[in-house]
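Report on one structure; see the data block that follows.
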Amino acid sequence: MAGIVVVGAGVAGLVCAWRLQRAGHEVQVLEQSADPGGRLRAVAHGDRRIQTGAGFFTDGQRNVLSVAGTLGLGDAVVHLEPEGSVPGRVLYAGRFEPCSFAPGFGALRSAVLAPGARLRMGRLSAELFRHRDRLDPVQPERAARLEDGEDMPRYLARLLGDAARERLVSPFVSTLLGCEPEDVGAAFFLLSMRSLAQGAAPVSFEGGLSRLAEALSDAVRVRTGCEVFSVETERTGARVRYRSRGRERSFLADAVVMAVPGPVVPQLCNTLTSDERIFFDSVRYAPGIQVDVLLPTRPGGLAFGNCIPREAGTGLRSIFATHRDPGAGPAGTGHLTVHLAESAVVRLGRAKDEEIIGFTLDALAKTPVGLLPSYEAVVHRWPYARPVFPLGALSRLENFDVRIGRSPRLAFAGDYLIGPTVEGALTSGMQAASRVVQSLDDTGLGAIRSHLVHSWTA
Ligand SMILES: Cc1cc2nc3c(=O)[nH]c(=O)nc-3n(C[C@H](O)[C@H](O)[C@H](O)COP(=O)(O)OP(=O)(O)OC[C@H]3O[C@@H](n4cnc5c(N)ncnc54)[C@H](O)[C@@H]3O)c2cc1C
C-alpha cells in the first residue's frame, strides 16, 4: 500500500482517488475550496439547486455512466429531452429550430439549411467513417496525425459550406465545448463528433450532475480548505506543501497526482521537466460567465439545449432549460442556465453582477424566451471554464504523452488532457490512477510507505 496525495477535488481528482483507493492505496485529496467538486458543484438557492458548472452529459459518454452505475447513481439518470428527439435547438430566423446535423440525427430534415446545403451534411458522416481508426475520444492524441493546418471554421467552410458552418455546426460545437469556433482544431472537432455518434442525448442525474462529485467525495478522504502551494518530486518521494487554517503544513507521499486546471500545474510544481513545462505553457482555457435565471413558471415550448449563433449578435452562447431536471426546484417553476459568449465574458468580466444580469435579460428578450417580468438571477464566473483544443493541441498532447523527460512520482489528471467535459475529466482521472498503480508496481514501491507521513513545517 502506497501513500498518495491527489491535489484538487474536481471530478478528475476525485475519481482518481477513488480508483487508487479501490486498488488498495491510502489516498488523501487536498482541495483549496470549502467544498469538493470544482467545476462540478451545486449550490442551494432557497428551494432551488444551481449547478455552478457542468449541467449535463450525453448518453454516449460511457465512463461517466459506468462510474455512476458503480456508485449507485444508475437509477438517478434523467433524460433532459424526450428520448429519440434531436440533441438540441439553434436560433434561426427568430425561432429555436431542431439542430439536426449530428450523425444519425436526420440532417436531411434541417429547416435551417437550403436543400443543397443539407445534402452536403452527409460529407461529415463520410469523414467520420474515413478517419474512424484515429478517432477515439478517450485517447485524443491518436487523432494528432489528422491535424493538417485547418481549424474548425476553415474545415467546415470547405467541407459543408458557410451556411452550415455559421447557422448550425459552429453554434452547436461552441455550446458543447464552451469556446469560440476558432479555438477548435479540425481534428478535435471530428473527435467531438465521433463522441456524439456514440450517443448525443443530453442526460443528467435527478438533482443535478454534481451528484456524481458528491457520491465520489463521500467515498474518498477529502481535506477541504487546503491550498497547495508547492509540490516537489524526486526519485524517492514527493513533498506537498499546503496552507490550512493559516498554517503551513506538508505531506511526504509516495506519489502525487496533480488534478488542477492545466495552467495551475507549473505554478505549484517546481520540479517539472522541460518537456512538461513546454506542454503546460501551451495549455489554455476559455473563461466563462454563467447566469442562472430562476422563474416562478416555465417559459413555454423551450427544449433543453438551445444554441445561439454568434451572428445573431445577442452576446449569448447558449440557454439551457435546467427545469427539465425534476430535482432542480419545485414542480412548475422555471430555471434557465445561460452562458455568455466569449466577447461578452471579456467585456463584462469585471462588471458587477447586476450589470451582467441586466445584459443577460436584455439578450434573452431578443430570443424566443422574450421578456421576463419576474425573476431572480445568480451569476457565476470562471477564469478557467473550459480548456480549448485549437489547431496543434493534439500534437502537443501526443508529444506530452510520449515525453522522455518525466517527473518521477508525479501524474496529471484534468479535462485539458482529454476534452472539456465531465467525461474528459473523469477519463483523465481514471487513466492517471492506472498510471500511478503501474509505476508503483514497476518500481516495487507499492509497499514502501504504509501511511502518509504528516509533518508540520510551521
Ligand atoms: C460554466 C461551466 C459549464 C460547464 N458545462 C458542462 C456540461 O454541461 N457538461 C460537461 O460535461 N462539462 C461541462 N463543463 C466542464 C466540466 O465542468 C469540467 O470539464 C470538469 O468538471 C473539470 O473537472 P476537473 O477535475 O478537470 O477540474 P476542476 O473541476 O476545475 O477541479 C480542479 C480542482 O482543483 C482545485 N485546486 C486548484 N488549485 C488548487 C490548489 N492550489 N490547492 C488545492 N486545490 C486546488 C480547485 O479548487 C478544483 O476543485 C462546464 C464547465 C463550466 C465552467
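The values are calculated or read from the model by the stated rules, or taken from the named source; none is laboratory data. Predicted, not measured: the structure shown is a model, and the values here were computed from it. Here the Cβ positions follow ideal geometry from the backbone for every residue, glycine too, while neighbour counts run over all protein chains shown. Note: areas computed on protein heavy atoms with side chains; ligands, DNA, RNA excluded. Shrake-Rupley method; radii C 1.70, N 1.55, O 1.52, S 1.80 Å.
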Yes or no: R386 under 20 Å from P137 (Cβ atoms), open to solvent by 40 Å² or more (accessible area, probe 1.4 Å), within 16 Å of the ligand (Cβ to nearest atom) and in contact with a Gly (Cβ under 9 Å, 6 or more places away or on another chain)?
yes
Can you name the residue in segment 71-85 that is touching a strand residue (DSSP E or B) at 6+ places or on another chain (Cβ under 9 Å) and outside any loop (DSSP other than H, G, I, E, B) and is also farthest from the ligand (Cβ to nearest atom) among such residues?
A76
I'd like the full set of residues that are hydrophobic (A, V, I, L, M, F, W, C) and without any contact (Cβ under 8 Å) to a residue 24 or more places away in the chain, limited to segment 71-90.
V86
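Yes/no per residue for (1) open to solvent by less than 10 Å² (accessible area, probe 1.4 Å); (2) among the hydrophobic types (A, V, I, L, M, F, W, C); (3) at pLDDT 95 or above:
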position: G334; (1), (2), (3): yes, no, yes
position: V338; (1), (2), (3): yes, yes, yes
position: D362; (1), (2), (3): no, no, yes
position: A365; (1), (2), (3): no, yes, yes
position: L371; (1), (2), (3): no, yes, yes
position: H380; (1), (2), (3): no, no, yes
position: I404; (1), (2), (3): no, yes, no
Does segment 2-14 contain at least one residue that is away from the ligand (no atom under 14 Å from the Cβ) and either closer than 28 Å to P287 by Cβ or in contact with a strand residue (DSSP E or B) (Cβ under 6 Å, 6 or more places away or on another chain) (or both)?
yes
So which of L394, L372 is part of a loop (DSSP other than H, G, I, E, B) and among the hydrophobic types (A, V, I, L, M, F, W, C)?
L372
I'm trying to understand the selection: among the residues of segment 27-47, which are more than 12 Å from the ligand (Cβ to nearest atom) and closer than 19 Å to Y242 by Cα?
V27
Check off (1) in contact with a Lys or Arg (Cβ under 7 Å, 6 or more places away or on another chain); (2) surrounded by fewer than 16 Cβ atoms within 10 Å (Cβ to Cβ); (3) in a helix (DSSP H, G or I) for R277 and give me the number that stays unchecked.
(1)
Matching residues in segment 340-360 - criterion: being hydroxyl-bearing (S, T, Y) and either open to solvent by less than 30 Å² (accessible area, probe 1.4 Å) or in contact with a Lys or Arg (Cβ under 6 Å, 6 or more places away or on another chain) (or both):
T360
Of all residues in segment 403-440 being within 13 Å of the ligand (Cβ to nearest atom) and of a type in the set (V, I, T), the one that is farthest from A213 (Cα to Cα):
I418
Would a scan of segment 234-252 turn up a residue that is open to solvent by 60 Å² or more (accessible area, probe 1.4 Å), near the ligand (Cβ under 9 Å from one of its atoms) and polar (S, T, N, Q)?
no
Only listed residue being assigned by TED's automatic domain parsing to the domain that holds W18 and touching a residue at least 40 places away in the same chain (Cβ under 8 Å), chosen from R223, R239
R223
Can you pull out every residue in segment 40-70 that is in a loop (DSSP other than H, G, I, E, B) and open to solvent by 40 Å² or more (accessible area, probe 1.4 Å)?
R41, G46, D47, F56, D59
Of these, G185, G208, which one is under 18 Å from the mean Cα position of the chain (by Cα), buried (at least 23 other Cβ atoms within 10 Å of the Cβ) and either aliphatic (A, V, I, L, M) or on the phi < 0 side of the Ramachandran plot (or both)?
G185
Taking segment 253-274 as the region of interest, how many residues are within 12 Å of the ligand (Cβ to nearest atom) and outside any helix (DSSP H, G or I)?
7
Being buried (at least 24 other Cβ atoms within 10 Å of the Cβ), in contact (Cβ under 8 Å) with a residue 12 or more places away in the chain, closer than 19 Å to T427 by Cβ and over 20 Å from the mean Cα position of the chain (by Cα) narrows it down to one of V15, V27, so name that one.
V27
Every listed condition ((1) over 27 Å from E150 (Cβ atoms); (2) under 16 Å from the mean Cα position of the chain (by Cα)) holds for S174 save (1)
